[in-house]
Ligand code: S6P
Ligand code: ZN
C-alpha cells in the first residue's frame with residue numbers, strides 16, 4: 001500500500017489514491033440540532049460537512065494512526081451553526097489532535113461529567129482533545145472551515161450517546177455573536 005499522500009496546507013484538501021470520502025448533508029443531521037423544524041425547512045441535500053480520511057490500517061487496529069481533513073461549510077440551522085455530529089471515542093482512552101487550516105470556528109468539548117467548553121479555532125490553532133471527551137466543531141464564519149485531525153486507529157466513533165443525550169450546551173448565534181448556550 002502507498003502510505004504517502006499530499007495535504008494542501010492552505011485548503012486542507014488531501015490528494016492520494018486511497019482516501020475515504022464522507023459527505024454529511026442536512027438529511028444526515030436529523031436529531032443533532034436544537035431546532036429540528038428549522039432543519040426540516042432546509043434543502044435536505046445541503047452539504048454540512050465533508051471528511052477526507054487516510055486509513056492505512058484496518059479500523060480497530062491497535063497502534064496505527066488515521067489522518068483526515070474535515071471541511072465544515074458556513075450556515076445555520078435556526079440559530080445554531082453548521083457543525084459536525086460530534087462523538088466520544090468508543091475506546092475512551094484514545095485522544096486526538098485537531099489543527100485548523102482555514103476559516104474560523106469553535107471546538108466544543110464535553111467531558112464525562114457533561115461539562116461543555118468552547119475554544120476558538122483559526123488557521124494555525126492546534127487542539128489536543130483529551131481522552132473521554134466528546135468533540136464537535138462548529139463553523140462560526142462565512143467561509144469554509146477546514147481542519148486536519150490525527151487519531152488512533154482503534155478509537156472508534158460513539159455517536160449514540162450524542163443522539164440520545166446530546167451535548168450539555170450548544171453554540172448558537174445570539175445578537176450576532178457565537179454564544180455557548182446551556183441546554184434547558
Ligand atoms: C475522528 C475525528 C474527525 C471526525 C470528523 C467528523 O476521530 O474526530 O475526523 O470524525 O471531524 O466529525 P463526526 O463527529 O461526524 O465524526
Ligand atoms: Zn474523534
Jot down the radius of gyration and Dmax of segment 1-66, Cα atoms only, both in angstrom. 16.1, 46
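To the nearest 0.05, what FRET efficiency results for residue 158 and residue 8 with a Förster distance of 35 Å applied to their C-beta separation? Working shown, then result.
Numbers: r = 31 Å, r/R0 = 0.88.
With R0 = 35 Å, the Cβ-Cβ based efficiency is 0.70.
Compute the length gained on full extension between residue 73 and residue 181: take 0.36 nm times their separation in residues and subtract their Cα-Cα distance, giving the result in nm to one decimal. Don't jump to the answer; show the numbers that get you there.
Values: separation 108, 0.36 × 108 = 38.88 nm, distance 2.14 nm.
Net length gain for the segment: 36.7 nm.
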Looking at the chain as a GNM with Cα springs under 10 Å, which of 141, 166, 113 has the largest mean-square fluctuation? 113
Would you mind checking segment 62-83 for residues with the amide N under 15 Å from a putative spin-label position 7 Å along Cα→C-beta of residue 150? 63-69
Which FRET efficiency value, to the nearest 0.05, is calculated for residue 117 and residue 91 with the Förster distance at 25 angstrom and r the Cβ-Cβ distance? 0.65
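Taking Rh as the Kirkwood radius computed over C-alpha pairs, what is the Stokes-Einstein D of the chain at 10 °C in a medium of viscosity 1.306 mPa s, expressed in µm² per second?
On the way: Rh = 16.7 Å.
The calculation lands on 95 µm²/s.
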Which of the three applies to segment 117-184, rounded, prolate or oblate, going by the alpha-carbon gyration tensor with a ≥ b ≥ c and a/c under 1.5 meaning rounded? oblate
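Read-outs: derived from the displayed coordinates by stated rules, not from any lab. Note that the structure is predicted; figures quoted are calculated from it, not measured. Reconstructed Cβ throughout: ideal geometry from the backbone, glycine too, with neighbour counts over all protein chains shown.
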